[in-house]
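In what follows, a single structure is set out as structure tokens and then discussed.
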Amino acid sequence: MVDNLNCQKKSCYSSEKEALAHIEIIKKKSTRNKIPVSAYFCQCGRWHITSRINQQKLIETNNELGREIEKQKNEIKLLKELNSSILKKNNKKENIEVKIDKRVKEINLALMEQKKVIKRIRQDNEELIIENIKLKKQLQIN
């Protein structure tokens, strides 16, 4: 381990994990203008934290994110085209199915109405039969 005079003024951490954990604590509690953003391994053999942003790393990350965004945009475009072609193919089938479903519902409603009418006719018929039996009995008595 090399002991650096600059390191004596800095907080030292035994691991990157410990340094990053300390950064999170500072972010939550500190009112400083400069907040540490990263940890780095020093020549002294310990970890320190810094508020400086590594410009090169930031540029690389930005470029990588830009490439990933373009890749995702292309994938979205392809998926939209695929979806559109599938919808065109399926639209005919779906329209037929929708029309069939609609017709089946109409037929079922008509059938229910017919069942109601049949029930009402049967009730009327029963009443007429009962009335007819009563009249026959009256005729036989007279």
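The values are calculated or read from the model by the stated rules, or taken from the named source; none is laboratory data. Computed from a prediction, not measured in an experiment: that's the story for all the values here. All Cβ positions, even for glycine, are placed from backbone atoms using ideal geometry, and neighbour counts span all protein chains on display.
Below is a table of values for the structure above.
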read-out: Single residue of Ile141, Ile96 found to be at pLDDT below 80, hydrophobic (A, V, I, L, M, F, W, C) and loosely packed, with under 10 Cβ neighbours inside 10 Å; value: Ile141
read-out: Selection from the stretch 3-25 of residues that are over 22 Å from Lys57 (Cα atoms), assigned to a helix (DSSP H, G or I) and more than 35 Å from the chain's Cα centre (by Cα); value: Leu5, Asn6, Cys7, Gln8
read-out: Single residue of Ala39, Ala110 found to be of a type outside the set (Val, Ile, Thr), over 30 Å from Glu16 (Cα atoms) and modelled with pLDDT of 85 or more; value: Ala110
read-out: Pairs where the first residue, in the stretch 11-32, is more than 7 Å from Trp47 (Cα to Cα) and among the hydroxyl-bearing types (Ser, Thr, Tyr) and the second is modelled with pLDDT of 85 or more and outside any strand (DSSP E or B), C-beta under 8 Å, 6+ apart; value: Ser11/His22
